[in-house]
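Reviewing the structure listed below.
The values are calculated or read from the model by the stated rules, or taken from the named source; none is laboratory data. Remember, predicted model here, so these are calculated numbers, not experimental data. Virtual Cβ from ideal backbone geometry, glycine too; neighbours counted across all protein chains shown.
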Amino acid sequence: MYCDGASSGNPGDSGIGVVIDLTGEGVNHNDKENICQISEYIGIATNNVAEYTALIKGLERARALEIESIEIFMDSELLVRQISGIYRVKHENLIPLWTRVMSLLKEFSHYSVAHVPREKNAVADSLARRAVAHKKAKRW
């Protein structure tokens, strides 16, 4: 699963993007039936809140799809380190989100979380940015 959050301003209009590959082949294959995508506007939020929200929505969808084991890829080094226990979560707005993520992860038989460069997370990034752009376009 690849996930990303985007915020136009910090805080600002925010969106999430998630790509779940049901085949394990990676998100660049052409089998659209086995790719689950989420692109959603989440309102005004910080970038970190958007990142956590994307992860939560992706994990919830993965469980709904009855996925038991999951590999998570994110371009937010902060979140990866917080989830891995390298960094403590200090900001009070992020603590409930981190707690929800950790609770959801316990529902999987196995999980891993890895940091990837932004260019390796391009599809999720595009979905998140598209959600923000779509909301902004509706205002005009």
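Look at (1) over 21 Å from Arg118 (Cβ atoms); (2) buried (at least 19 other Cβ atoms within 10 Å of the Cβ) and you find that Leu22 fails only one, number (2). In the range 98-110 there is no residue matching the filter, namely being at pLDDT below 95, out of contact with any Asp or Glu (no Cβ under 7 Å at 6 or more places or on another chain) and either surrounded by 20 or more Cβ atoms within 10 Å (Cβ to Cβ) or of a type outside the set (A, V, I, L, M) (or both). Just need a number here: residues in the range 63-77 that are touching a residue at least 40 places away in the same chain (Cβ under 8 Å) and not in a strand (DSSP E or B). Residues flagged as touching a residue at least 40 places away in the same chain (Cβ under 8 Å) and not in a strand (DSSP E or B) within the range 63-77 amount to 6.
Taking Leu94, is it under 14 Å from the mean Cα position of the chain (by Cα) and either surrounded by 13 or more Cβ atoms within 10 Å (Cβ to Cβ) or under 17 Å from Gly17 (Cβ atoms) (or both)? Spell out the reasoning first.
Working: under 14 Å from the mean Cα position of the chain (by Cα): no; either surrounded by 13 or more Cβ atoms within 10 Å (Cβ to Cβ) or under 17 Å from Gly17 (Cβ atoms) (or both): yes.
So Leu94 fails the test.
In the range 1-26, the residue that is nearest to Ile42 (Cα to Cα) out of those that are over 13 Å from the mean Cα position of the chain (by Cα) and among the charged types (D, E, K, R) is Asp13. If we scan the range 58-79, do we find a residue that is at pLDDT below 95, closer than 17 Å to Val116 by Cα and over 11 Å from the mean Cα position of the chain (by Cα)? No, there is no match, as no residue in the range 58-79 is at pLDDT below 95, closer than 17 Å to Val116 by Cα and over 11 Å from the mean Cα position of the chain (by Cα).
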